[in-house]
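See structure below.
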Amino acid sequence: MATVVQKYGGSSVADVQLMQKVADRVAATRKSGKDVVVVVSAMGDTTDDLLALAKQVSESPDRRALDVLLSAGERISMALLSMALNARGIPAVSFTGSQSGIVTNDAHANARIVEVRPFRVQDELDQGRVVIVAGFQGVSYRRDVTTLGRGGSDTTAVALAAALEADCEIYSDVEGVYTADPRVVPSARRLSELSYEEMQELAESGAKVLNAQAVEFAKDRGIAIYARATRGGAETIVRKFPPRSPGRVVGVASETDLVSLTTSEDGPDLLLRVLEHLDQRHATGKQLLFQDWPGRGGSGSLVLSLENLHDFPTLRREVEAAFGARVQLRDHLGAVSAIGAGINATFANLRRALAVVSGLGTTVLGVSTSSFRISVLVEDSKVKDAVRALHDELVTEGERVD
């Protein structure tokens, strides 16, 4: 019997009425003759509410304890959905991340899956039950509860699909993936298909439909992802596609709550000490750059995201105390990224992007590129205008939605 893994996001299970609709969809899938594994997120804003609760107790919550707290949201969802299915006469059982065999490293609050041991999941499927798994969480090799960071339920679903050799369907309140956030760009278009690389760049650049680690997992295992709306309708398929012609631009994504860190011209030793300090505080960075200046040493820079960094004020104070004026931190920044296969085959798209952003009267604070991406660093307040401008100027793909 074919197996399908379905993941339902927080907006799809935000209240009991929506949970009942999800139960109806899962029941229909099971009655169609498929084995079903369901991965659920926490209901609505539960994770944010739990984090706010932790902040009332401690300005800098212990990360191990925080994981135990935050993982509770998904456990509530899994239990309720199991009850709803059993009430419909559909045998169902719910598992936490650890019970379902999701093994991670011990990087609390931002763990990565290292192995999936779905023995109990497979046993229950063989007994004809629907298996409901709490997303966003796992267990470390030390047997501690861990969480996978924002969007981690996607990663749970794809990892289980790979282990079970199953299809993977990701359900949210949006019909697939759009060329931009429709709330920011009303003219955004729906994409019928995306390559793994394009979707991963969109996710890493701030698109919220799919998690970047989940896409990485899918690419490694060759799992196609079907991104759909819970209410039905169109979809976006993410999978391996043949090479695209240069210049394809599939969308624009953005991030806010970014911080730039710059080291003075003291050579690589200072940068290495700063990176060691960040590692000790589990602060991950990206867009790292180091340049050596003959006769003057060298300077480095990187960008930090505050998304999984729950106590930036303390980190700032520690960096200032340890390194003084040799390290500069600038917050209230955002990044706008255009994504597409071969986007940087020439400098044409980069030149157009910089011209458009500068034409808004916005100061370009940084630029980074990859084979699939052009990212521009700007002030937080300028992000939405820059998204709209880049979308109008560069995006070539997508189907208009009436």
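The values are calculated or read from the model by the stated rules, or taken from the named source; none is laboratory data. For clarity, every value in this text was computed on a predicted model and none was experimentally measured. Note that we place each Cβ from the backbone using ideal geometry, even for glycine, and neighbour counts take in every protein chain shown. Remember, those area values only see protein heavy atoms, side chains included, never the ligands or the DNA or RNA. Shrake-Rupley method; radii C 1.70, N 1.55, O 1.52, S 1.80 Å.
Overview of values
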item	result
Computed helical MRE - 222 nm, the chain, DSSP H runs ≥ 4 contributing -39500 (n - 2.57), nearest 500	-11000 deg cm²/dmol
Beta bridge orientation in the chain: antiparallel %, DSSP, nearest 5	60
Gyration tensor over alpha-carbon atoms, segment 180-285, equivalent ellipsoid semi-axes in Å	34, 17, 15
Relative contact order for segment 31-165, counting Cα pairs under 8 Å that sit 6 or more residues apart, in percent	30
For segment 111-257, share of DSSP beta bridges that run antiparallel, in % to the nearest 5	55
Of 7/34; 208/286; 7/208; 31/219; 240/384, pairs whose Cα-Cα distance is over 22 Å	31/219; 240/384
Sparse-neighbour loop sites [GluC sites (Glu not before Pro); segment 303-402; at most 16 other C-beta within 10 Å; DSSP]	307
Solvent-accessible area per residue for the chain (1.4 angstrom probe, square angstrom)	45
Histogram of C-alpha separations across segment 152-192, 10 Å bin width, %	27, 36, 28, 9
Excluding exposed DSSP-loop chymotrypsin sites (Phe, Trp or Tyr not before Pro) (at most 15 other C-beta within 10 Å), longest clean stretch of the chain	142-346
P(r) tail fraction, segment 271-332 - alpha-carbon pairs more than 16 Å apart, %	46
Cα-only radius of gyration and Dmax that characterise segment 125-224, units Å	15.0, 49
Segment 299-402 - Rg over Rh from alpha carbon coordinates, Kirkwood radius	1.05
Cα convex hull volume per residue for segment 48-111 (Å³)	87
Neighbourhood net charge (12 Å Cβ-Cβ; Lys/Arg +1, Asp/Glu -1) for residue 261	+2
Cα shape, segment 208-260, gyration tensor, a/c 1.5 rule	rounded
Accessible-area composition of the chain, carbon plus sulfur, in percent [1.4 Å probe]	49
Calculated from backbone phi, Karplus (6.51, -1.76, 1.60) coupling profile of segment 56-62 in Hz, x at Gly/Pro	6, 8, 8, 5, 10, x, 4
Rounded to 10°, Cα long-axis angle of helix 152-164 versus longest principal axis of the chain	60
Mean projection area, nm², convex hull over Cα of the chain	20.8
